[in-house]
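To keep things clear, I will list the structure first and then write my remarks on it.
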Amino acid sequence: SRTEASALFDEAVGRVLARLGMPSARFVTEITPSGALSPSGADSVRFLFNANGGEGLQSLERIASGGETSRVMLALKSIVARSTKLPTILFDEIDTGVSGKIADAMGRIIAELGDSMQVVNITHLPQVASKGAAHFVVYKRDGRTSITRLTAEERTTEIAKMLSGSRITDAALSQARILLGK
C-alpha cells in the first residue's frame, strides 16, 4: 500500500513545489524492502529529490539547500496535515531560507491550511506574517518571555518593522498596508 500511495503522494508534493517556485523539481519516494519487520513496517523509505529536473535524483538531505528544504517540508507537512485532518499544526520558521515571491507563496499555502485547521506559524517574514488571521508578537522583558495579540493598527506597525527594521518609514508603512490588503 505504501508503494501504491507513493506515486500519488509524489505528484501532490510536485504540485505544491510548483506553487513554491520549483516547477521542474522532482520528488520521489523510494521504498525498498528492509528484510526485517520493525515498528514502522518491513521496508525502508527514502525521499529522493532534484530541484532542477534535469539532473539525477539524490537523497533529499544531501542535495537540498536550506530554502529548498523549507519548501519541501511545507509541501510534505501541508499534504500530511490535510490527509490526516489534523485539528492544529505548528510551523516554527518553516520559511527559513526563502524571501520575496516564494515567501508570499508559502504564506498563501499556510493561510489555506487555516481554512480547515488551526495554524500557529512562527515567522520573521512580513510576506508570511501578513497572511494570518491574527498576529501575535513574542518578546522578552526583564528576563521573561511574553506574547501579545496585536490590534489592526499594531499589526501594520509590526509588519512595517519587519520590512524596515527599527526605523519605521512611510514607505514601510505603505508596503505593510499593501501586504495586509488595506
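Could you give the Stokes-Einstein D for the range 39-167 in µm² per second, using the C-alpha Kirkwood radius, 10 °C, 1.306 mPa s?
Rounded to a whole number, D works out at 95 µm²/s.
Provide the per residue accessible area, probe 1.4 Å, for the range 18-66, rounded to a whole number of square angstrom.
Accessible area per residue, the range 18-66: 61 Å².
With a 1.4 Å probe and every protein chain left in place, work out the accessible area per residue of the range 74-182 in Å², rounded to a whole number.
61 Å²
Rounded to the nearest percent, how much of the accessible area of the chain (1.4 Å probe, protein heavy atoms only) is carbon and sulfur?
52 percent
What list of ³J(HN,Hα) couplings, whole Hz, do you get for the range 106-118 from phi and the Karplus terms 6.51, -1.76, 1.60, once you set θ to phi - 60° and write x for glycine and proline?
Per-residue couplings from phi come out as 4, x, 5, 5, 5, 5, 4, 4, x, 6, 10, 7, 7 Hz.
Which of the listed residues, L113, G143, F91, is farthest toward the dipole's positive end in the range 90-182, when Lys, Arg count +1 and Asp, Glu count -1 at the beta-carbon?
It is G143, whose Cα lies furthest towards the positive end.
Which entries of K77/K131; K140/K161; K101/K140; K161/K182; K131/K161; K101/K161 have Cα-Cα distances beyond 26 Å here?
Where the Cα-Cα span goes over 26 Å, the pairs concerned are K101/K140.
What 222 nm value per residue comes from the helices of the chain, counting each DSSP H run with n ≥ 4 as -39,500 (n - 2.57) and dividing by all residues, nearest 500 deg cm²/dmol?
That calculation yields -14000 deg cm²/dmol at 222 nm.
Which whole-Hz couplings ³J(HN,Hα) result when phi for each residue of the range 163-179 is put into the Karplus expression 6.51 cos²θ - 1.76 cosθ + 1.60, θ = phi - 60°, listed in order with x for Gly and Pro?
Here the 3J(HN,Hα) series is 7, 10, x, 6, 9, 7, 9, 4, 5, 5, 4, 5, 5, 4, 4, 5, 4 Hz.
Could you go through the range 75-92 in sequence order and give the Karplus-derived ³J(HN,Hα) for each residue, using 6.51 cos²θ - 1.76 cosθ + 1.60 with θ = phi - 60°, rounded to whole Hz, and x for Gly and Pro?
These are the phi-based 3J(HN,Hα) values: 4, 4, 5, 5, 5, 5, 4, 5, 6, 9, 6, 4, x, 9, 9, 10, 10, 10 Hz.
Would you mind checking which residues have amide H under 5 Å from N121's amide H? H placed 1.01 Å from N; only 5 or more apart, or other chain.
Those lying under 5 Å, H to H, from N121 are F91.
The values are calculated or read from the model by the stated rules, or taken from the named source; none is laboratory data. Given the structure is predicted, the values throughout are model-derived calculations rather than measurements. All Cβ positions, even for glycine, are placed from backbone atoms using ideal geometry, and neighbour counts span all protein chains on display. Accessible surface is based on the protein model in full, side chains and every heavy atom, while ligands, DNA and RNA are left aside. Shrake-Rupley method; radii C 1.70, N 1.55, O 1.52, S 1.80 Å.
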